1. Taking the stretch A:155-190, which residues are within 20 Å of residue A:267 (Cα to Cα), touching a Gly at 6+ places or on another chain (Cβ under 8 Å) and either at pLDDT below 95 or within 14 Å of another protein chain (Cβ to nearest Cβ) (or both)?
2. For the stretch B:58-74, check the following and say yes or no: at least one residue is free of Cβ contacts under 8 Å to residues at least 24 places away in the same chain and not small (Gly, Ala, Ser).
3. Taking the residues in the stretch B:129-141 that are more than 7 Å from chain A (Cβ to nearest Cβ) and surrounded by fewer than 24 Cβ atoms within 10 Å (Cβ to Cβ) as candidates, determine which candidate is nearest to residue B:249 (Cα to Cα).
4. Output yes when any residue across the stretch A:117-135 is small (Gly, Ala, Ser) and within 18 Å of the chain's Cα centre (by Cα), and no when none is.
5. Could you tell me how many of the residues in the stretch B:170-205 are under 12 Å from residue B:217 (Cβ atoms) and touching a residue at least 40 places away in the same chain (Cβ under 8 Å)?
6. Being surrounded by fewer than 19 Cβ atoms within 10 Å (Cβ to Cβ) and of a type in the set (Val, Ile, Thr) is true for just one of A:281, A:227. Which residue is that?
7. Would you mind telling me which numbered condition in (1) among the hydrophobic types (A, V, I, L, M, F, W, C); (2) buried (at least 24 other Cβ atoms within 10 Å of the Cβ); (3) over 23 Å from residue B:175 (Cα atoms); (4) in contact with a Gly (Cβ under 9 Å, 6 or more places away or on another chain) residue B:124 fails?
8. Pull up the stretch B:279-294, narrow it to residues that are in a loop (DSSP other than H, G, I, E, B) and at pLDDT below 95, then point me to the one that is nearest to residue B:8 (Cα to Cα).
Number of protein chains: 2
Amino acid sequence: MSGFMVWRAAQQDRVEQALSSWVAADVPAGLGLAMRYAVLDGGKRLRPLLVLAAGEAVQGDGAAALRAACAVELIHAYSLVHDDMPCMDNDVLRRGKPTVHVRFGEAQALLAGDALQALAFELLVPDDGSMPPALSAALCRQLALAAGATGMAGGQAVDLASVGLSLDQAALEAMHRLKTGALLQASVMMGAATAQVQAGVTRELSAYGASLGLAFQVVDDILDVTTDSTTLGKTAGKDAANDKPTFVSLMGLQNAQAYADALLDQAHAALNRSGLAHTDTLHALADWVGRRTS
Amino acid sequence: MSGFMVWRAAQQDRVEQALSSWVAADVPAGLGLAMRYAVLDGGKRLRPLLVLAAGEAVQGDGAAALRAACAVELIHAYSLVHDDMPCMDNDVLRRGKPTVHVRFGEAQALLAGDALQALAFELLVPDDGSMPPALSAALCRQLALAAGATGMAGGQAVDLASVGLSLDQAALEAMHRLKTGALLQASVMMGAATAQVQAGVTRELSAYGASLGLAFQVVDDILDVTTDSTTLGKTAGKDAANDKPTFVSLMGLQNAQAYADALLDQAHAALNRSGLAHTDTLHALADWVGRRTS
């Protein structure tokens, strides 16, 4: 295995264990079970890995980075739970399992998503004195902005409003920069926030996160038409079926792949400009986003 | 008008104006409009008033208290939006207007609620240096705990699970201490957090908030059977129709009223024990909870 694969597996394990300890089962009336079902044993953990790798790149506070990594993943997990609900995408399969509302009912899914969002912020403010309050506050602000109306939730609203419309590439990008890009970029920036870094470094890491975030979505659109549901662990061909504009429908498959590659080149270039010494893992994560098959 | 009524009207105005400036309309794809519809021009603003009154009682940071007041109200507003959705209470009337999902559709209602929760935390961490980071962090933690699985969302899960069951009074109280009590109590405690206060004062304010929070719910149950929908601004008789246990169904109307009065007496007594000099408004808020007709 490459060094990156070893690192990735080890960090995925750490994140899984941390999430399992922080998303408690002994919460009233089955809510904890629904929350754990939504969060545990699933996904690539790309966002947590970005937080942790960015934290390592700036040689930041490792314990704080782990909390930030899990907080970002909880936001991501809650968004999937709500997004899968009948009034949104009405999806029954996620990470190879029945979606939360199929397994636990719609009302419990709604509440589990809501509670996961609250828990994300709770994680960022430990009461054991282990995180400087200024860092807690900064991370809460970054996460709130990335998750809310000017980030992920706003992007989902644009997505809803764009079904059946013929968006141009600029509009499609603007939507995805909010819907998935904001949280991916915030993952990098929250990792970076675990140390004091110069404004120039922050700027390049932000550029890395933005390019990687958009590349992630372009690859997602490619996988949606080239991969079957079993491999994806979610319903393939969904965007076309829902008449949603995608990078593939707009540019064609070949151009979309070339665009993803160009975006990832931009991500690598931004990292190189940052002047940081320990960016191997961030580089490897960009490669991984480009090569992923699910 | 009494001094309290003057204070209340002035603070309700301040909160309305602050919410109007912080819940922006220019958010993508109508999401901002749905969020404003959910938040503005409605409700008694009991939670913000509790934050502000507690802040005044401890002579705390007024600007911080206003942010905390609005943050708590955003959590309350989001919970109503989600609670009214078809998969939960399926309610069409709230504050005398069509509910958010009736007006904007279910998907937009879901997103508006999600974005309001994120915005609540964003408000607690201004980027203009106007709030000490330690206070931002403490308020974020209090709000997250009150809103999440160990607070409001957990209480809603218990509520869901208890439809058709014959809860005893202890179980009903435990549910309401989470479902509505946690956020009401947090309102008091977040106001108190805007100053440094002694542990004994915190303990008594916490007791005040807990008693007032439960009394609020008992009165709610009484109003549900004694008041018509127009006066309430929401659907009356809902609990009985949904076969939900209430304090009235459990104790009878007269005993429920006596219990509300006893709880409010406890709230007043806790305030008196606090030794704080400026508790008139908190006393008046407890009276208001007991006297309210909607």
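The values are calculated or read from the model by the stated rules, or taken from the named source; none is laboratory data. The structure presented is a predicted model; accordingly, all values stated were derived computationally and were not measured. We place every Cβ from the backbone using ideal geometry, glycine too, and count neighbours over all the protein chains shown.
1. A:175, A:176, A:177, A:178, A:179, A:181, A:182, A:183, A:186, A:189
2. no
3. Of everything passing the filter in the stretch B:129-141, B:138 is nearest to residue B:249 (Cα to Cα).
4. yes
5. Selection size over the stretch B:170-205: 6.
6. A:227
7. Looking at each condition in turn, residue B:124 falls short on (4).
8. Among those residues, the one meeting the criterion is B:292.
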